[in-house]
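The values are calculated or read from the model by the stated rules, or taken from the named source; none is laboratory data. Here the structure is a predicted model, which means the values were calculated and not measured. Every residue, glycine among them, receives a Cβ derived from its backbone with ideal geometry; neighbour counts consider all protein chains shown. Note: areas computed on protein heavy atoms with side chains; ligands, DNA, RNA excluded. Shrake-Rupley method; radii C 1.70, N 1.55, O 1.52, S 1.80 Å.
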Amino acid sequence: MSVTASTRRKARHFAMQALYQWQMTGANLGTIEAEFHADNDMSKTDVAYFRELLHGVAKNLDDIEGAYSQYLDRGVEELDPVSRSLLRMSTYEMKNRVDVPYKVVINEAVALAKKFGPTDAFKFINGILDKVAAAERSVEVKADKG
């Protein structure tokens, strides 16, 4: 299967849900991943990207939370679980997937926040990720604002 914006979007969708499940249950990542494959049609999903996001966030959690928590007006543990999952996943992408434009990372996170997050969470997510992008992707952000 070819990687497209659509297959990546689906990967992010499932990864955000899997990260939410991991954070709420503390279940083994391999078990969660297997459940997602069993319970969802993954045929139109960039499965490798889903797996990278899920395991990459867990493996680099302290580094990821350190990158965005400095911009929060509250503790990480006070975030609603959807926003926390989205910030973790998006910050991972900002730090580790420079092949994905920062605007794409932000737009995808905002869309998922609108769909799954509490009211107005998308505005909060957008604001935090703008700051993460400025720090993690400063060259790209500056070039974009030209």
Problem set entry | Hey, ARG8 under 14 Å from the mean Cα position of the chain (by Cα), farther than 16 Å from SER85 by Cβ, touching a residue at least 40 places away in the same chain (Cβ under 8 Å) and surrounded by 12 or more Cβ atoms within 10 Å (Cβ to Cβ) or not | yes
Seminar exercise, completed: Per the filter on the range 114-134, residues part of a helix (DSSP H, G or I), open to solvent by 60 Å² or more (accessible area, probe 1.4 Å) and in contact (Cβ under 8 Å) with a residue 24 or more places away in the chain are PHE116, ASP130, LYS131
Exercise. For SER2, are the conditions met, namely being free of Cβ contacts under 8 Å to residues at least 12 places away in the same chain, more than 24 Å from LEU129 (Cα to Cα) and open to solvent by 20 Å² or more (accessible area, probe 1.4 Å)?
Worked result: yes
For this session: Examine the range 17-29 for a residue that is surrounded by fewer than 15 Cβ atoms within 10 Å (Cβ to Cβ), touching an Asp or Glu at 6+ places or on another chain (Cβ under 7 Å) and not hydroxyl-bearing (Ser, Thr, Tyr), and state whether such a residue exists.
Result: no
Exercise. How about the range 30-43: which of its residues are surrounded by fewer than 12 Cβ atoms within 10 Å (Cβ to Cβ) and assigned to a loop (DSSP other than H, G, I, E, B)?
Worked result: ASP41, SER43
Problem set entry | Residue that is nearest to ALA5 (Cα to Cα), among those in the range 47-96 that are free of Cβ contacts under 8 Å to residues at least 40 places away in the same chain and outside any helix (DSSP H, G or I) | ASN60
Exercise. When you go through VAL105, VAL57 one by one, which is the residue that is modelled with pLDDT of 95 or more, crowded, with 21+ Cβ neighbours inside 10 Å and farther than 16 Å from TRP22 by Cβ?
Worked result: VAL105
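Listed here are the residues, each with its yes/no results for (1) more than 19 Å from GLU33 (Cβ to Cβ); (2) of a type in the set (Val, Ile, Thr).
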position: LYS44; (1), (2): no, no
position: GLU52; (1), (2): no, no
position: VAL82; (1), (2): yes, yes
position: SER85; (1), (2): no, no
position: THR91; (1), (2): yes, yes
position: LYS95; (1), (2): yes, no
position: VAL139; (1), (2): yes, yes
position: GLY146; (1), (2): yes, no
